[in-house]
Ligand SMILES: NC(=O)c1ccc[n+]([C@@H]2O[C@H](COP(=O)([O-])OP(=O)(O)OC[C@H]3O[C@@H](n4cnc5c(N)ncnc54)[C@H](O)[C@@H]3O)[C@@H](O)[C@H]2O)c1
C-alpha cells in the first residue's frame, strides 16, 4: 500500500460523508495512501463510532506492517466532524450514507455547497443511478460513482461509474486514483446494478430459486461455484455476508429497472420477513449462531 511519501494522483484532502461500514473503510484507504481525511457523520454518537472504526483499521494496518507511517502520523491526518462545513477545502468528497436516493441527493447537495468549483464529488452507491444523482447537482460533470467493495481493506476492486454528465477529465482521473489506492478499477457506464451487482445478484437469485425448487442444498450450490468456477465464496454465503435485506432491496430495484428476471424469489422475501438477514442476524441461508 502507498504511503504519503510516494507520489500519487490521490487528492491531498479527501472528505468522506458517513463513516459507517463502507465510509470508514474508504476513509482508511485514502488515509494510508497519503491523503488528509475528514469524515462527517450525522451526530456525535455516529461520529464516535466512525472514529473508532477508522482508527481500529489504522491500528490493524500498522500491526500488519502494510503501511510505512506510524499510527500517530496517520491519525494526525484524520478528523471526524458532525459539521458539513468541515469539507470546505476538500479536493474530493466520497459520499457513503445509506442507500436511499432522496437521502443521498440531500446529502450530496449539502456537501457540494461546501466545496470549491474545482473539487470532485463521488458516491459509493451500490445500485442507484449515478446520472440521476448527478442531475440534482450544480456541477454534475465533477461527479461519478466510486463503488468500493466490502470489506474495503481486503477488497482490490473498485467500480468507477461514469454518469452521462461525468467529464472526460474525471473519467481519466478516477481510475488513476483507484490504482494509487492499490486497487483495480473497473470502469462502467452508468446502468442499473453496474457490472458487479447486476451479475452478482443475477447468480445469487438463481441460486435461491434452486434452493426453493429443492435442486440442491445451499452448501452444495455454493460448492458448485467455489470448486467448479473458482469463486472464492458461493453466491448464497455471499448473500448471507452482504445481508438478505440488502440483496432484496437491490433485486427489487433491478426488477423495476431491468425487468422481471430480477424479481426476488419468494424464499428471499420470506426469510427477510422472518428476520433471517444472514450473518448479522445469526441465520440466513446458513446458520451463523
Ligand atoms: N455494506 C456493503 O457491503 C456495501 C458495499 C458497497 C457499497 N455500499 C454502499 O455504501 C453506502 C453505505 O453503506 P454502509 O454499509 O456503509 O452503511 P452504514 O449504515 O454502515 O453507514 C452509513 C453511515 O452514514 C451515516 N449517515 C446517515 N445519514 C447521514 C447524513 N445525513 N450525514 C452524514 N452521515 C450520515 C450513518 O450514521 C452511518 O454511519 C450505501 O450506499 C451502500 O449501498 C455498501
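Laboratory data are not the source of any read-out in this text; all were calculated from the coordinates shown. Keep in mind it's a predicted model, so treat the numbers as computed, not measured. Cβ sites come from the backbone with ideal geometry, for glycine too, and all protein chains shown count toward neighbours.
Only helical DSSP H runs with n ≥ 4 go in: add -39500 (n - 2.57) per run for the chain, normalise by residue count and round the 222 nm mean residue ellipticity to 500 deg cm²/dmol.
Theoretical 222 nm ellipticity from helices: -14000 deg cm²/dmol.
Where in the range 112-129 does the amide nitrogen come within less than 20 Å of the point 7 Å from the Cα of residue 136, taken along Cα to Cβ?
Label zone hits: 112-116, 120-129.
Fewest first, what order do 203, 26 take by the number of other Cβ atoms within 10 Å?
203, 26
In which sequence would 10, 158, 241 go, from the one with the fewest C-beta neighbours within 10 Å to the one with the most?
Ordered from fewest to most neighbouring Cβ atoms within 10 Å, 10, 158, 241 come out as 241, 10, 158.
Taking every Cα atom in the range 196-273, find the radius of gyration and the maximum pairwise distance Dmax, and write them in Å.
11.8, 33
Going by alpha carbons, how many degrees (0 to 90, nearest 10) lie between the helix axis of 196-212 and the longest principal axis of the chain?
It is inclined by approximately 20 degrees.
If you take every DSSP beta bridge whose two residues both sit in the chain, what share of them, in percent to the nearest 5, is antiparallel?
Given both bridge residues lie in the chain, the antiparallel proportion sits at roughly 20 percent.
Cα axis of helix 21-32 to longest principal axis of the chain: angle in degrees, 0 to 90, nearest 10?
It is inclined by approximately 40 degrees.
Pairs of Cα atoms under 8 Å, at least six residues apart: use those to get the relative contact order of the chain, whole percent.
Once divided by the residue count of the chain, the mean separation gives 13 percent.
Please work out the C-alpha center-to-center distance from the range 203-244 to the range 249-289 and express it in whole Å.
The two parts, judged by their Cα centres, are 13 Å apart.
When you count, for each residue, the other Cβ atoms within 10 Å and take the mean per peptide, how do 100-112, 58-70 rank with the highest first?
100-112, 58-70
Above 25 angstrom, tally the Cα pairs of the chain and express them as a % of all pairs, no decimals.
Taking all Cα-Cα pairs of the chain, the fraction more than 25 Å apart is 49 percent.
Neighbour counts of other C-beta atoms within 10 Å: give me 54, 246 arranged from fewest to most.
246, 54
Mind checking the angle between helix 44-64 and the chain's longest principal axis? C-alpha axes, 0 to 90 degrees, to the nearest 10.
90 degrees
Rounded if a/c is under 1.5, else prolate if a/b is larger than b/c, else oblate: which is the range 1-92, with a ≥ b ≥ c the root eigenvalues of its Cα gyration tensor?
oblate
Label points 7 Å out from Cα along the Cβ direction at residue 219 and residue 261: separation in nm?
Using points 7 Å along Cα→Cβ, the separation is 3.3 nm.
Anyone know which of 232, 98, 264 comes out most mobile in the 10 Å Cα GNM of the chain?
232
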